[in-house]
Each structure stands twice: as C-alpha cells, then as structure tokens.
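This report concerns only the one structure given below.
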Amino acid sequence: MATYIVFFGYTDQGIRNVKDSPARIKAAKKTFQDLGAKVKDFYLVMGFGQYDTLFVVEAPDDETVSKASLKIGSLGNVRTDTHRAFTEEEFQKIISNVP
C-alpha cells in the first residue's frame, strides 16, 4: 500500500461548524475505509496557513485516495490537498536506482 498525506483546510462552512469536526473525522475515516484505504494517523496542525488538519493514509493506489478526498471535499466543510509520501525503505530503493 502507498502512503499519502492528506491536508485539510476548513472552508467557511466547516469553521462555522467546527464543533462537528470530531464526527466529520470519524465519517472521513469511514469513507477511506469503505474505499479500501486506511487512515493511520490524524493531526491538528499549526503554522501551515491554509491547512488545519491532516491524515496519514495508506491506500492501494492514487485513484482510491483521490476518490475519498473528492467525496470528503464535496461535503463542503474542507478543501483537500493530497501528496504521495515515501517511506525510508522506498526512498532508499529510489535512490539506489538513480543513474
């Protein structure tokens, strides 16, 4: 499974209803799970400007994590920004193949 960092930034709607965030986090985790991915970690983050929270996700492919991010974003509470992350082992494999 590939690792992804999914950043979430509250929309105006999301911040107005910030106290609903714990339930939305639970629902978002279920969305990833229903699509075959797993949320490994959740963090509230500071100092990222447009980002308020993030998930560390394991998913079988880009399509799966994209579907989940789009479904969550379509609810209007957050905007997402998804990035592929490589483990140290994956990094070492990549580096060993650099010409």
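Below is a table of values for the structure above.
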read-out: Furthest towards positive pole of dipole, THR87, GLY47, TYR10, structure part the chain, Cβ charges; value: TYR10
read-out: Loop-located chymotrypsin sites (Phe, Trp or Tyr not before Pro) in the stretch 43-99, at most 12 other Cβ atoms within 10 Å (DSSP); value: PHE48, PHE86
read-out: Count, lysine Cα pairs under 12 Å in the chain, 8 or more residues apart or across chains; value: 5
read-out: Descending semi-axes in Å of the chain, equivalent ellipsoid built from Cα gyration tensor; value: 27, 15, 11
read-out: Loop sites in the stretch 38-99: trypsin sites (Lys or Arg not before Pro), DSSP, at most 11 other Cβ within 10 Å; value: none
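Values in this text are rule-based calculations from the coordinates and carry no lab data. Worth saying up front: this structure is predicted, and the values here are computed from it rather than measured. Glycine also receives a Cβ, built like all others from the backbone with ideal geometry; neighbour counts cover every protein chain displayed.
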